[in-house]
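None of the figures in this text is laboratory data; all of them are computed from the coordinates on show. All figures in this text were calculated on a predicted structure; none of them were measured in a lab. Cβ atoms come from the backbone with ideal geometry, glycine included; neighbour counts cover every protein chain shown.
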């Protein structure tokens, strides 16, 4: 692939960069874009409004729905510049903007689009995703949450788990089984659920870092009007797995990982003369940092590969799995290297700890990366079968 921007792409990159430098709230030294999202909520809300005015809050959406209709290459450039400049992203809106919204644009009725899309764009409505169940994680099509038609409603009973932001969400995109006698990939119906509906119970799940992102959600005779079915009854699986035209190259993740390694190099160099410096007691850490820097470049190349395929109208398959597998495991290796660099200080958390304890929290949180969004085992199966042509068994 050609790594250089065309004149049009270079002009667009300059436009995005200038806009970010002029309008975005700047993170504090050592603060990531995500941390800036939390610490500067009011400023970020103004920033999101400015993004929305340009259609950049949902860059892949068609202009008619409030997006920017960016091409794949433009999305790649936009996300790369956002990451390079550490500009806050609307992370609390990602399920609505990145999943529910595109699904409704493709499969939703006009009434559903008019009702639900504006709240996503304004950041007023947080969404969550009701997919995984205790017995249906990697094998999602084995889900058993039941929906039974009753007049103009469907009655829902069952449970979902690992539901990110369910405790904050106004709506859920929900997969249920409506025909238990059909093959498991059929007989599934896709719904929009109002989280304030009677019979919905949300229970928190705390991760290893003692933070609350996930939840388990229980449904006890919850009623959903038939107008909230996405697509067709018993064909929800096909809507749920539709390949939607929005950016998936993870260039922002690759860029962020490189920035993290650069921060670690800077920290290690600044403290090298101290008696407790880990570089003095363990010179091999220099090679460990070098390995991480090489690996983030590999992640960047994998991101470029996915983006270049999309730009040519191809659908990444095992290539996307390769990127997901490598990037999430690299995130964990970077976190381990950070703990090695900080030594015993790496166990500390709080404002008085080095880097305010960010790496201790990152290390604990990173253990989930290779599970969420498709486990590493599943990604390796996809790579083996679809990429290498190995037998399924």
With T = 25 °C, eta = 0.890 mPa s and Kirkwood Rh from C-alpha pairs, the Stokes-Einstein D of the range 54-134 in µm²/s is about 183 µm²/s
Simple SL model, points at 7 angstrom along Cα→Cβ for residue 234 and residue 380; separation in nm is 3.9 nm
Across the alpha-carbon set of the range 87-179, Rg over Rh with Rh taken as the Kirkwood radius works out to 0.99
Rg (one decimal) and Dmax (whole number) from the Cα set of the chain, in Å, equal 22.2, 75
Expected max-MSF residue from 16, 296, 241 in the GNM of the chain (alpha carbon, under 10 Å) is 241
Note on the chain: contact order normalised by length, alpha-carbon pairs under 8 Å, 6 or more apart, percent, works out to 12 percent
Of 51-59, 219-227, 159-167, 107-115, ordering from highest average Cβ density within 10 Å down gives 159-167, 51-59, 219-227, 107-115
Here the tail fraction of P(r) beyond 18 Å, over all Cα-Cα pairs of the range 251-387, rounds in percent to 59 percent
Restricting to Cα pairs under 8 Å and 6 or more apart, the percent relative contact order of the range 251-387 works out to 25 percent
Check: C-alpha center the range 328-380 vs C-alpha center the range 169-210, spacing in Å is 30 Å
GNM of the chain, Cα pairs under 10 angstrom: of 101, 137, 313, the biggest fluctuation goes to 313
Tilt, helix 72-84 to longest principal axis of the chain (alpha-carbon atoms), in degrees rounded to tens, equals 50 degrees
Pseudo-spin-label distance residue 207 to residue 181, built 7 Å along Cα→Cβ, given in nm, is 4.3 nm
Rounded to the nearest 10, the angle in degrees between the Cα long axis of helix 7-23 and the longest principal axis of the Cα atoms of the chain comes to 80 degrees
In degrees, nearest 10, the alpha-carbon axis of helix 110-122 is tilted away from the dominant principal axis of the alpha carbons of the chain by 20 degrees
Placing each pseudo-label 7 Å from Cα in the direction of the beta carbon, residue 220 and residue 14 end up separated by a distance in nanometres of 6.3 nm
Quick note on 315, 20, 156, ordering by fewest other C-beta atoms within 10 Å, gives 315, 20, 156
Connecting every pair of Cα atoms under 10 Å apart in the chain and solving the GNM, the largest mean-square fluctuation among 291, 18, 352 falls on 352
Rounded to whole Å, √(5λ) for the Cα gyration tensor eigenvalues of the range 127-240, largest first, gives 23, 16, 11
CD proxy, 222 nm, the chain: helix-only mean residue ellipticity via -39,500 (n - 2.57) per DSSP H run with n ≥ 4, per residue, nearest 500, stands at -13500 deg cm²/dmol
